Every structure is written in structure tokens, then in C-alpha cells.
Amino acid sequence: MNPGFQIENNCLVIRMALPHTQVLPFFPTYDPAKPAPDAILDYRDARNSVGHAQRTFLVYWGLRAFVESGGYPGIDIGGAGVLTPGCISVDWIGAGETPAYGGSYEGVNIKANAADLSAFGSDSFSCLLSSHLIEHLGCYKLRGNETQEEKLRLACNGQEIVDIFERHWIRVVKKNGYICGILPDEKAAQTASSSSLFHDATHNHAFDSRTFYKIILNPLRHLVEIVQYATWENFFSFEFVLRKK
């Protein structure tokens, strides 16, 4: 499929290639197997081809959902104020507030908890997007003061995330709408003799594509169909696209 836009049957059709290999030609000196440690954290860094590919993924699905739904907005959860076209930005840190690590979330439209979207009505949005958020959601096993080593030993399996998906994330999306996400790949971290829990002290979960499918997605198959799953090979993250039945 060639990237681009065209009109078909009086509708705007958006086609965009998603694999990170489509981005790499613009970064000829970048080795995806050896991401620059600082670059992978900052979308503004030209070396961050993985980050740009992830951002492209969100923009694509936000636009596609907006067009397919006839102009209904999506909701981007935990976007840190980085606006996605066609979506409202929701974060637990409000606009103008400063997180502990600095900066300002000026682009946040609504302040809300990703684990509780009860303020939003059912079937409200064309899509729900999340990037590197699910691993931050709470775990019933954790008190909140564990070290990364303790989190790894406790091995929170994420069963409570299924409930969040069902009661909140899937509920607020319209029928045939999309639920799209990106997570750090625990398998990639273990290949580097590490764990995604060590990358950020606020991570509570460590999934790879196999465990996420088994624990989170499989119990939700009666509510959603899987459109795209774990097609990337960027040695850093994996993605999912679900469609509400």
C-alpha cells in the first residue's frame, strides 16, 4: 500500500505505511538495534526514528478514525499535552501544571485519570489512543514505594488492566471505533539484560507482545477485533490496534 491521500466515493481516504522501515531512510546514520539513549526519550531529536515512527502511528489512527466516523473526535490518553490531530488530549497532569521532572503540559485539554474515564459518556469517541501509558497503570500488588527490583520480583501480571479496558477504554469508543496503543517491549529489554521496569521508576508493568496478548487482549475478544498487532521490529516497543465490535 502506497502512502498518500485520495478521494474515493466522496470520502477522504488516508493511506500511510506504518512500519518503522518507512522512516529509517530519512535517518541514514541511525541503527535501530542501538538506539541513542537520550534520543529515544525526545521527539525533537532528529536521531529518534523510533519515536517518530511511534508518533506517526498515533497521528495516522487518530486521523483515520476521525474521517471514518464522519468527524467525531478521538481521545488521546496520557499524551503529555502533545496534540494528536482529530483528538482531545487527556492527562492526569492538567494544562499549565508542571510535572515533577519539569516542563509544562500546555496542550492538555482535559485533566482526568486514565484508569477512570467515568466522566465520559459511552460511545463518545471515534478512537482512544495511548502511547507508553499502560505500563504506568496501577497494580493491586503494589503499595507505590517499591524499588524496581521489588516490582520485578512481585511480577504484577496486569489482570486489573482488563477491567480498565472493558469499563472505560472500550466503553467510551463508538462501535467500529479504534483502541490503539504502544508499549515498551519487555522482551527487547531482557535481550539487553534489563527490564522495562528499570527504564522508569513509575513503570508498574512489564509486558512483551506474547504476555500482553495472553493476559490483556484474549479476555477482551468478545468486545473487540484485532486489526493490527505487534508488527514492528524496532527493538523498543510493540503496538496494537483494536476495533470495537
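The values are calculated or read from the model by the stated rules, or taken from the named source; none is laboratory data. Just so we're clear, the structure is a prediction, and the values are computed from it rather than from any experiment. Backbone-built Cβ (ideal geometry, glycine too); neighbour counts: all protein chains shown. In case anyone asks, the SASA skips ligands and DNA or RNA and just uses the protein heavy atoms, side chains included. Shrake-Rupley method; radii C 1.70, N 1.55, O 1.52, S 1.80 Å.
What ranking do 176-186, 159-169 get when scored by the average of other Cβ atoms within 10 Å per residue, highest first?
With the highest mean Cβ count within 10 Å placed first, the list reads 176-186, 159-169.
Could you tell me the extents of segment 121-245's C-alpha atoms along the three principal axes, largest first, rounded to whole Å?
For segment 121-245, the Cα spread along each principal axis is 41, 33, 20 Å.
Given a 1.4 angstrom probe, I'd like the percentage of the accessible area of segment 80-206 that is carbon and sulfur, rounded to a whole number.
51
Over all directions, how big on average is the projection of the convex hull of the alpha-carbon atoms in segment 62-180, in square nanometres?
7.8
Based on the mean of other Cβ atoms within 10 Å per residue, sort peptides 147-155, 62-70 so the most packed one is first.
Going by the mean number of other Cβ atoms within 10 Å, highest first, we get 62-70, 147-155.
Over segment 114-189, give the accessible area per residue in Å² for a 1.4 Å probe, as an integer. Please list the in-between numbers first.
Values: 3230 Å² over 76 residues.
Per residue, segment 114-189 has 43 Å² of solvent-accessible surface.
Quick check: net charge around Pro73, other residues with Cβ under 15 Å of its Cβ, Lys/Arg +1 and Asp/Glu -1?
Counting the neighbours of Pro73, the net charge comes to -1.
Count charges around Gly181 for me, please; just the other residues with Cβ under 12 Å from its Cβ, Lys/Arg as +1, Asp/Glu as -1. Present the calculation step by step, with values, prior to reporting the outcome.
Working: positive: none; negative: Asp76, Glu135, Glu239.
Summing Lys and Arg as +1 and Asp and Glu as -1 gives -3.
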